[in-house]
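*Asks:* Supplied in structure tokens, the structure appears directly below.
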Amino acid sequence: MTRAWYAAALVWVMAMAACGGDGGHGGHDAGVAGIIEGAQAPWDDRGLTSTPFLPNRRTVPVAASALPPGVPDFVVLERTSQLKKSPCAGCHTAPLAELVRKRPVNEPLAHWNISLAHAAEAVMTCATCHDSVDQGKLHLLGGASVSLDHAYQVCAQCHSTQAADWAGGAHGKQVGGWAPPRVSYSCTECHDPHRPAFAPRWPTPRGTTR
């Protein structure tokens, strides 16, 4: 077929679309008005749900203090049950200073494989986030105790821009998609809190796995 034939067919399709697909009987304005009206109609999302795609894990509501104005309530996956050495009280039966004092000289450290590479040592130590009395919890800079399931509250103290984007959905990932209920990954689902920066990685060629 010739190029002229394709051009004529394209003109005819555009004319039909502009007329609302009624051969011109509805008029150009009626077709455009119908398109605009359809685009402005509220979207009916009844029946849509992310529930079938959610993992078999408990969720916890995000603290109201962590929600910027206008952001609807949502939940995050709980974290405590995913920790290999949880509950902390299984070993931390006394304040940390007492446990360190009583530890045999030749006994290896319990958390020997954890090194802190989050901020300069003058700025951050383990006690910056971990409660020194109740090792099963974190604490805010003001001293308030925070559950490990709500670690995002601790992160938000320094990373306020990322925390606001996370609450709004622009940072991080949603679990099971955007359909309600909204379930989000907390900061520590993606970032190692002790070494939050992602390590450099070589790009993976398409069609291969590593």
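*Asks:* Work out the FRET efficiency for Leu48 and Arg195 from their Cβ-Cβ distance, taking R0 = 35 Å, and round it to the nearest 0.05. Mind dumping the intermediate values first?
*Replies:* Details: r = 38 Å, r/R0 = 1.08.
Once the sixth-power term is evaluated, E becomes 0.40.
*Asks:* Given the options Ala156, Gly207, Trp112, identify the residue whose Cα lies farthest towards the positive end of the charge dipole of the range 108-210 (+1 on Cβ of Lys, Arg; -1 on Cβ of Asp, Glu).
*Replies:* Of the options given, the answer is Gly207.
*Asks:* While we're here: Calculate, for Ala170 and His111, the FRET efficiency according to 1/(1 + (r/R0)^6) with r their C-beta to C-beta distance and R0 30 Å; round to the nearest 0.05. Before the final figure, lay out each step's value.
*Replies:* Details: r = 34 Å, r/R0 = 1.12.
Efficiency, rounded to the nearest 0.05: 0.35.
*Asks:* Ok, one more. Report the paramagnetic label zone for Arg57: residues of the range 70-90 whose backbone N is under 14 Å from a point 7 Å from Cα along the Cα-to-Cβ axis.
*Replies:* 75-84
*Asks:* Right, next: Given the Cα atoms of the range 147-210, and with Rh set as the inverse mean 1/r over their pairs in the Kirkwood sense, what is Rg to Rh to two decimals?
*Replies:* Numbers: Rg = 14.3 Å, Rh = 13.7 Å.
Dividing the radius of gyration by the Kirkwood radius yields 1.04.
*Asks:* Quick one: grab Rg to one decimal and Dmax as a whole number for the range 66-113, Cα atoms only, in Å.
*Replies:* 17.9, 55
*Asks:* Mind checking the full-extension length gain between Tyr185 and Arg101? Use 0.36 nm per residue of separation minus the Cα-Cα distance, one decimal, nm.
*Replies:* Working: separation 84, 0.36 × 84 = 30.24 nm, distance 3.78 nm.
Difference between extended and current length: 26.5 nm.
*Asks:* Give me the Kirkwood hydrodynamic radius of the range 75-210, using the inverse of the mean 1/r over all pairs of distinct Cα atoms, in Å to one decimal.
*Replies:* Working: mean 1/r = 0.0577 Å⁻¹.
It is 17.3 Å.
*Asks:* Placing one identical point scatterer on every Cα of the range 127-171 and ignoring solvent, what is log10 I(q)/I(0) from the Debye formula at q = 0.19, 0.21, 0.24, 0.33 Å⁻¹?
*Replies:* Result of the Debye calculation: -0.56, -0.65, -0.78, -1.12.
*Asks:* So how much slack lies between Met124 and Thr93, counting 0.36 nm per residue of separation and subtracting their Cα-Cα distance, in nm? Write out the running numbers ahead of the final one.
*Replies:* On the way: separation 31, 0.36 × 31 = 11.16 nm, distance 2.48 nm.
Computed gain between Met124 and Thr93 is 8.7 nm.
Each value in this text was obtained by applying a stated rule to the coordinates, not by laboratory testing. The structure displayed is predicted, hence computed values, not measured ones. Positions of Cβ are generated from backbone atoms using ideal geometry, with glycine treated the same way; all protein chains shown enter the neighbour counts.
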